[in-house]
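Just so it is clear, none of the values below were taken in a lab; they were calculated from the coordinates. On a predicted model such as this, the values are computed, not experimentally measured, just so you know. Because the Cβ atoms are built from the backbone with ideal geometry, glycine has one as well, and the counts that use them run over all protein chains shown.
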Amino acid sequence: MTHQAADYDIDRFAVLRERMVEEQLRRRGIHDPRVIQAMLEIPRHEFVDASHRDLAYCDMPLSIGFGQTISQPFTVAFMCQEAQIKPEDKVLEVGTGSGYGACVLGKLAREVHTVERIPELAKQAERRIRKLGFSNVHVHLANGSLGYAAEAPYDAIIVTASAAKLPEPYADQLASGGRIIIPIGSHYDQSLYRFTRRNGKELFVEDLGGFLFVPLIGEKGWQERTDESQLRPGR
Ligand code: SAM
């Protein structure tokens with residue numbers, strides 16, 4: 001009986017995932033077949049609290065505790081698509097959160113390094129990533145506003161928290177031809193940008209449109225404040 005209930009749950013979530021991909025992704029311009037396939041395969045309901053499982057495939061971000069969120073499915077897919085990730089790429093994700101985005105990236109890239117500043121989230125994400133069998137996704141507890149120099153250079157850097165400007169370590173850690181996807185702006189008004197390293201040196205910048213993210217905390221992001229209305233840019 002329990003076994004049947006579990007089977008039913010697996011099928012139910014697969015159906016919800018297909019609907020999510022059709023209605024929230026394909027219809028809104030996600031067309032990269034590798035991104036679509038990754039979004040169909042990763043069980044998003046495994047990355048949220050049991051009490052949120054039924055909402056896991058809804059068109060919205062969800063709380064993961066500690067004032068943080070798992071991004072909306074469209075946002076995850078859009079960032080991955082715009083990062084133009086190739087199977088041989090080495091990728092840095094700043095802001096592991098639940099670990100969901102890292103696993104989507106793990107399907108797309110050769111090697112993924114993901115950095116989280118909140119120890120409990122990093123630990124929980126690590127457990128989920130191992131449970132799903134990803135050996136190419138590595139979680140690091142660190143201040144990602146400085147990037148992650150130990151594993152640089154990266155072909156793509158995806159930043160899932162917003163900064164007032166591009167932290168310069170990201171540019172330093174980007175390979176030739178590499179792409180950085182990052183939300184930049186004030187606390188309540190941000191755009192997603194793509195910076196592309198051309199000719200081995202200069203960065204070409206494109207505005208990909210408006211999004212809203214939690215703040216990137218750290219010396220190259222925002223100073224931490226208990227009252228978020230007091231957020232100030234870091235150095
Ligand atoms: N990619 C995540 C997922 O799939 O669940 C969503 C990440 S959430 C929108 C942003 C994350 O960035 C939060 O978990 C937050 O703790 C983290 N963060 C903020 N500042 C950071 C920093 N300086 N270094 C590392 N992580 C940071």
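Some values worked out for this structure:
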read-out	value
Neighbours by Cβ (under 8 Å, 6+ apart or cross-chain): first from segment 124-147, farther than 19 Å from Ile64 by Cα; second away from the ligand (no atom under 13 Å from the Cβ) and of a type in the set (Lys, Arg)	Asn136/Arg110
Any hit, segment 122-131, residues being of a type outside the set (Ser, Thr, Tyr), touching a strand residue (DSSP E or B) at 6+ places or on another chain (Cβ under 6 Å) and under 24 Å from Leu166 (Cα atoms)	yes
Residues satisfying the stated conditions in segment 105-123, i.e. within 12 Å of the ligand (Cβ to nearest atom) and either more than 23 Å from Gly221 (Cβ to Cβ) or without any contact (Cβ under 8 Å) to a residue 24 or more places away in the chain (or both)	Gly106, Pro119
Any chance Ala142 is within 10 Å of the ligand (Cβ to nearest atom), small (Gly, Ala, Ser) and more than 12 Å from the chain's Cα centre (by Cα)	yes
Among (1) under 20 Å from Ile158 (Cβ atoms); (2) within 17 Å of the chain's Cα centre (by Cα); (3) of a type outside the set (Val, Ile, Thr) - the single one His31 does not satisfy	(2)
Some residue of segment 47-63 being polar (S, T, N, Q), within 15 Å of the chain's Cα centre (by Cα) and within 10 Å of the ligand (Cβ to nearest atom)	no
Scan of segment 70-110 for residues that are among the hydroxyl-bearing types (Ser, Thr, Tyr), crowded, with 22+ Cβ neighbours inside 10 Å and not in a loop (DSSP other than H, G, I, E, B), ordered by number	Tyr100
Segment 111-139, residues that are assigned to a helix (DSSP H, G or I) and surrounded by fewer than 24 Cβ atoms within 10 Å (Cβ to Cβ)	Pro119, Glu120, Leu121, Ala122, Lys123, Gln124, Glu126, Arg127, Arg128, Arg130, Lys131
Selection count, segment 145-154, where residues are near the ligand (Cβ under 8 Å from one of its atoms) and farther than 21 Å from Phe195 by Cα	0
